[in-house]
Amino acid sequence: MLISPSMLSADFARLKEELDRVKQGGADWLHIDVMDGHFVPNISFGMPVIKCIRPVCDLFFDVHIMISQPQKYITDLKKSGADLVTFHVEAEGDPAETIRMIHAEGMKAGISVKPGTPVEVLAPYLDEVELVLVMTVEPGFGGQSFMEDMMPKLAWLRQRCRPGTVLQVDGGINRKTIAAAAAAGANCFVAGSAVFGREDYGAEITALRELAKAAV
Ligand code: DX5
Ligand code: ZN
């Protein structure tokens, strides 16, 4: 059960301190949301920010790219310090080629579906990726409500993915919702507003992990 706090909810004026707090709080990964204002109706931050935090944070960089043209940025993502890149199947370019490009740069590859996309479109790529991400909110913003009706997607993926594939959920994960996602087969949980801005990051991360473990 991996907990990947989403930096999108961090206080960017105190970013290093925020990253230290999630690391010391026991985060497994750091989820980094890159948005281009085109694939999603919001702009977050890009490679210059990832490059700045790489030397001061040794967490695994789980980079979720919500951008229309993923293939254009794979090399720059590698240079900036990404460990894993998850792109959207709805984005431009042949997904099989995008996966090959990510692997060619020596990174792990993830593929994601938005809530409105049927999970079955991922079938041709499941043997090629290390991670599959099921969005449980419309991508673009933190702090939205969890869509429990996405749970059948996780159950479907659990049946079909290779053993060892990480099944990640992103959006609205908190103490109330994490059990449903874990019970449906997820083993990696992105949490933005449920961790950042809270009193004790370690207590939140630990509570989430324990609730996920208890649900399976
Ligand atoms: C939404 C992002 C999420 C977001 C999650 O587009 O992909 O990673 O930060 O935030 P919460 O956990 O607050 O829903
Ligand atoms: Zn995300």
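Worth pointing out:
- Cα→Cβ-extended label distance, 7 Å offset, between Ala104 and Arg158, nm: 3.7 nm
- At full extension, Glu90 and Asn42 could sit 15.6 nm farther apart than now, given 0.36 nm per residue minus the alpha carbon distance.
- Which of Leu126, Leu8 has the fewest Cβ neighbours within 10 Å, and the rest in rising order: Leu126, Leu8
- The sum of -39500 (n - 2.57) across all DSSP H runs of n ≥ 4, divided by the residue count of the chain, sets its helix-only mean residue ellipticity at 222 nm to -8500 deg cm²/dmol.
- Order of Thr206, Thr86 - criterion: other Cβ atoms within 10 Å of each residue's Cβ, fewest first: Thr206, Thr86
- Counted over the chain, the DSSP beta bridges are approximately 5% antiparallel.
- Percentage, to the nearest whole number, of Cα pairs in the chain over 33 Å apart: 7 percent
- Between Ser68 and Asp200, the contour length at 0.36 nm per residue exceeds the alpha carbon distance by 43.9 nm.
- Note: relative contact order over the stretch 1-160, using C-alpha pairs below 8 Å and six or more positions apart, is 17 percent.
- Remark on His64: its backbone amide H falls under 5 Å from those of Ile32, Asp33, Val34, Thr86, a criterion applied only to residues 5 or more positions apart or on other chains, H modelled at 1.01 Å from N.
- Virtual spin-label span in nm between Ala207 and Ser145, 7 Å along Cα→Cβ: 2.1 nm
- Ratio of Rg to Rh over the stretch 63-122 (Cα coordinates, Kirkwood Rh, two decimals): 0.95
Values quoted throughout were computed directly from the atomic coordinates according to the rules given, and no laboratory measurement underlies them. Keep in mind it's a predicted model, so treat the numbers as computed, not measured. When we count neighbours, we look across all protein chains shown, and the Cβ atoms used for this are built from the backbone with ideal geometry, even at glycine.
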